[in-house]
Amino acid sequence: MPPTSAGRDDRIELRATKKEKRLLAQAAAYERLDVTSFIMRNVLSTAREVVDRAERLVLSERDTVRVRELLEHPPKPTAALLAAARRRAART
């Protein structure tokens, strides 16, 4: 259930045409919600999906197997990696 308006203390301003505003008010009334609750209920789930897609990396089965193999049996460090580690250690 969405949080009540009593728990909301930040403000978002939104511009809409009169037609869009009437449509939102009508839809909210059908759902027995105020316009803010109606918008938040319908937009927050989409926002969560967008953030989830952007922050999660989905690997194919082949890539999953490869990552698991590399974690279980990491390759020996290359000369370039060892040199970079020495330079890093020298800076600290």
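List of remarks:
- Prolate/oblate/rounded label for segment 1-79 (Cα gyration tensor, a/c 1.5): prolate
- Neighbour count of at most 11 Cβ within 10 Å plus DSSP loop: longest trypsin sites (Lys or Arg not before Pro)-free window in the chain: 57-92
- Cα centre as origin, Lys/Arg/Asp/Glu Cβ charges: the chain dipole, Debye: 440 debye
- Dipole of segment 1-79, positive direction: furthest Cα of A54, A25, L71, with charges on the beta-carbon: A25
- Considering only A80, A27, A16, the mean-square fluctuation computed in a Gaussian network model of the chain, springs between alpha carbons under 10 angstrom, is largest for A80.
- Between D34 and any residue 5 or more places off or on another chain, the built amide H atoms are never under 5 Å apart.
- Listed from fewest to most Cβ neighbours within 10 Å, the set D34, D52, D9 follows the order D9, D52, D34.
- Residue order, fewest to most surrounding Cβ atoms within 10 angstrom, among L57, L14, L24: L57, L14, L24
No value in this document is a laboratory result; all are computed from the given coordinates. Remember, predicted model here, so these are calculated numbers, not experimental data. Neighbour counts are summed over all protein chains in view; Cβ atoms, including those assigned to glycine, are modelled from backbone coordinates with ideal geometry.
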